[in-house]
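Each remark here refers to the structure printed beneath this line.
Every read-out reported here was derived from the displayed coordinates using simple, explicitly stated rules and does not represent laboratory data. All values reported here derive from a predicted model rather than from experimental measurement. Quick reminder, even Gly has a Cβ in these numbers, built from the backbone with ideal geometry, and neighbours come from all protein chains shown.
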Amino acid sequence: MVQKRIPVMPVRRILITSPSLNVKENVSGISSLVADILNYSQFKFLHLQLGSKDGFKKNLAWAGSQLSAFIKVFLTSIFRKYEIVHLNVGLEKNSIIRDSMVFFIVKGIFNKKVILHVHGGFFLMNEAKSRMLNFMLKKIFNKAEAVIVLSNLEKGILEKRYGNLSFHVFPNAVDIASIKNMNTRVSSEKVRFIFIGRIIKTKGIYTISESMKYLSKYFDRFSLSIFGNGPEVDEWIASLNKIEGLDYTYNGVVGGSDKWKALYGADVFLLPALHSEGMPIAMLEAMAAACVVVVTDVASIKTVIKDYSNGILLSESSPEQLASVMEKLILGKADKELIGQNAMQYVQNNLSLPNYIHKLEDLYISIS
């Protein structure tokens, strides 16, 4: 548990945004982090839900839900008191458009102070070609009182693009106190691979299924457990069902202590993402549980993972490359226990939630 400090000034109210905090409705690293902030910070918050529930189709009902979010921002700003907006944004096209509108409302109309918190997205590492997106991004970055990024790597990229702004480097953190009573991992004859996250193409889900054609001779030596939900869950599960002899289970959405039990019941966490990742919370949680994480070298991941030391880096989301790494782990050519222990130690030493909360509270105070 995070030790709360004695306030150095009257506690301010923060409007903070994220997708749904209900894990049954939305699988989101942003939501996990925001839930920890709400639980452990001394500040008072108003939570504003932005973003669709998993499985929500982009139709008229979806458009109505987006419009209702803007109305809710207006009404909240009129009838509820808050001083700072903590705007969590993933740099994807739809998110940029939506969150820029929210930014305009709270900043341009109600003159609130805004902290822009960047959580990956395609347009983090890639500059937008669209004039409209470029205009929106430049406006929100330059008008924000502070910009939180996940690493110095991201800071350098965004400084070149938008100038020397008030950047603050806050690597994501994990509530390791919640797993202090978990049992040690039980050994298994099979190597237990696990995927936990939003089931969407950019997470590399099809890289995982396509890698299986190179591993069929080892099907009796490993298993695959899948947890999560998302717009492509049915298609992905259908593709896995076609692979004869594969030992896999789909377990739906998992959260809380059940999530940690799932991680402690696995050996290797797979996230061969195509792009869009910042510093995935699911990856950090797997590391905290002493899993070997096999992840693509995108965005800030390389600032945490040292190849074959506290995790394994893929140079690209390639089925062949992923299968090669999985084969090494199945055959014992990589020390799973040592890599997992190094991962757990790294999270404990560098990514503790108490330090994160204290830094964030200091930022709130400094701009309020």
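Computed extension length for Lys81-Lys44: 12.2 nm, one decimal, from 0.36 nm per residue of separation with the Cα-Cα distance subtracted. Taking 20 °C and 1.002 mPa s as conditions, the chain diffuses translationally at an estimated 100 µm²/s according to Stokes-Einstein applied to its Kirkwood radius (Cα pairs). At an R0 of 45 angstrom, the distance between the Cβ atoms of Asn251 and Glu316 translates into a FRET efficiency of 0.95. What angle do you read, to the nearest 10 degrees and between 0 and 90, between the alpha-carbon axis of helix 93-103 and the longest principal axis of the chain? The helix 93-103 is inclined about 30 degrees to the chain. Kirkwood radius for segment 155-314, taken over all pairs of different Cα atoms as the inverse mean of 1/r, rounds to 16.9 Å. Compute the acute angle (0 to 90°) between the alpha-carbon long axis of helix 29-40 and the principal axis of greatest extent of the alpha-carbon atoms of the chain; round to the nearest 10°. It works out to around 60 degrees. Calculated on C-alpha atoms, the gyration radius of segment 285-344 divided by its Kirkwood radius gives an Rg/Rh of 0.95.
Run the numbers for Ala177 and Tyr218: contour at 0.36 nm per residue of separation, minus the present Cα-Cα distance, in nm.
On the way: separation 41, 0.36 × 41 = 14.76 nm, distance 3.67 nm.
Additional length available on full extension: 11.1 nm.
Once you charge only the Cβ atoms, +1 for Lys and Arg and -1 for Asp and Glu, what is the size of the charge dipole of the chain about its Cα centre, to the nearest 20 debye? Magnitude of the dipole: close to 1380 debye.
In segment 237-346, Rg over Rh equals 0.95, where Rg is the alpha-carbon radius of gyration and Rh the Kirkwood radius from pairwise Cα distances. The longest stretch of the chain left intact once loop-based GluC sites (Glu not before Pro) with at most 14 other Cβ atoms within 10 Å are removed from consideration, loops following DSSP, is 1-82. Along the chain, the exposed loop sites are trypsin sites (Lys or Arg not before Pro) outside DSSP states H, G, I, E and B with at most 11 other Cβ atoms within 10 Å, and the longest stretch free of them is 243-332.
The three principal axes of the Cα atoms in segment 164-230 give end-to-end lengths of 53, 34, 22 Å, sorted in falling order.
Taking 8 Å as the Cα distance limit and 6 or more residues as the minimum spacing, I'd like the relative contact order of the chain as a percentage. List each step's numbers first, then the result.
Working: 659 pairs, mean separation 63.3, N = 368.
Across the chain, relative contact order equals 17 percent.
The slack between Thr184 and Met132, meaning 0.36 nm per residue of separation minus the straight C-alpha distance, is 13.6 nm. For Lys44, the lysines whose Cα comes closer than 26 Å to its Cα, not counting residues fewer than 8 places off in the same chain, are Lys4, Lys24, Lys53, Lys72, Lys81, Lys107, Lys112, Lys113, Lys143, Lys359.
Can you tell me the FRET efficiency between Ser309 and Lys24 if r is taken as the Cβ-Cβ distance and R0 is 35 Å, rounded to the nearest 0.05? Walk me through the numbers on the way to the answer.
Working: r = 36 Å, r/R0 = 1.03.
With a Förster radius of 35 Å, E is 0.45.
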